[in-house]
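Structure first, then comments.
The values are calculated or read from the model by the stated rules, or taken from the named source; none is laboratory data. On a predicted model such as this, the values are computed, not experimentally measured, just so you know. Cβ atoms come from the backbone with ideal geometry, glycine included; neighbour counts cover every protein chain shown.
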Amino acid sequence: MEQLLGELRAAFQAEKDAGFTINNSQDPASFKRLNDRVQLLLKSYTTSNPGGGGDWRRFALFNSTHYVRNLVEANEDFELLVLCWKAGQVSRVHNHAASHCWLAVLDGQMREIQYQRAAPPPGEEAAAAAAAPGGRATDGGGAGDPPGSTVYVEATKSVDMKIGDVGYINDHLALHSVGCYTAPQQLPPSSTGGGGRGDDDGGAHTGGDGDSGWRLEGGVTLHLYSPPIRRVKIYEDNTVSERTPGYYSKGGVRV
């Protein structure tokens, strides 16, 4: 993980040293260099640290009620998080403000669903227009959707992701949700009965050299946001809300 962080810092610093601002309106040539490098680094890390054998395990805290965001590092350029999803846990549809979002699968089977705005259903056009102040964005993201506005969205793309897969999204492309759609009965059995770390199992379970003690509970993903996201918009029940993303743990320590 430390090697990955060092290489990520260097990749972002190289673009800054060249005079480029890093966000989702970045110079196209600068973004291509950065995107190619980041995707290569994330794929290399996830494929060389698969499943429960990776050094990311110390950041892998779960919660029985909802998926959780575990902070690995945050600086002025990016934040890197390990997100943990028990079987059946799914995020709400959301945007990414002005940030890039890369995600890679560390363990389990995950699914990303992308969304675009949809026309109001018949009979709802007037109500939707009245609840939507001017300035709405015309791309896939939510820059022009004020909290409380009525916005209809529809799923336009679904991608199943496995260990080593890397994805990218920003608000010019789409909104999205991410989740672990694996049913609990589809998870592999464990000889240890252990699992990831969480509020309901008290910590990581470790065994001997032949038994890592790791039991897959759903899915684990690695997310990189640049710049760090301070406010996120949620699209639920045709209504937009806004919140500050929080962390379940920092540096492997519950907050």
Q. Filter region 83-124 for residues that are among the β-branched types (V, I, T) and out of contact with any His (no Cβ under 8 Å at 6 or more places or on another chain); which is nearest to F59 (Cα to Cα)?
A. V105
Q) Conditions: (1) buried (at least 16 other Cβ atoms within 10 Å of the Cβ); (2) more than 19 Å from the chain's Cα centre (by Cα); (3) modelled with pLDDT under 95. V153 meets all but one. Number of the miss? A) (3)
(Q) Condition check: modelled with pLDDT under 95 and in a helix (DSSP H, G or I). Does A126 satisfy that? (A) yes
Q. Quick one: is N35 in contact (Cβ under 8 Å) with a residue 60 or more places away in the chain and within 16 Å of L103 (Cα to Cα)?
A. yes
(Q) Here is a list: A97, A104, A11. Which entry is assigned to a strand (DSSP E or B), in contact (Cβ under 8 Å) with a residue 24 or more places away in the chain and hydrophobic (A, V, I, L, M, F, W, C)? (A) A104
Q: Could you please give the count of residues in region 8-40 that are of a type outside the set (K, R), out of contact with any strand residue (DSSP E or B) (no Cβ under 9 Å at 6 or more places or on another chain) and crowded, with 16+ Cβ neighbours inside 10 Å?
A: 4
**Q.** Contacts under 7 angstrom Cβ, first residue in region 164-178 being farther than 9 Å from W102 by Cα, partner part of a strand (DSSP E or B) and among the acidic types (D, E), 6 or more apart
**A.** H176/E112; V178/E112
(Q) Need the failing condition index for V159 against (1) surrounded by fewer than 16 Cβ atoms within 10 Å (Cβ to Cβ); (2) at pLDDT 95 or above; (3) of a type outside the set (S, T, N, Q); (4) out of contact with any Lys or Arg (no Cβ under 9 Å at 6 or more places or on another chain), just the number. (A) (4)
Q: For region 65-86, indicate whether the set of residues that are surrounded by 15 or more Cβ atoms within 10 Å (Cβ to Cβ), more than 14 Å from H100 (Cβ to Cβ) and in contact with a Cys (Cβ under 6 Å, 6 or more places away or on another chain) is non-empty.
A: yes
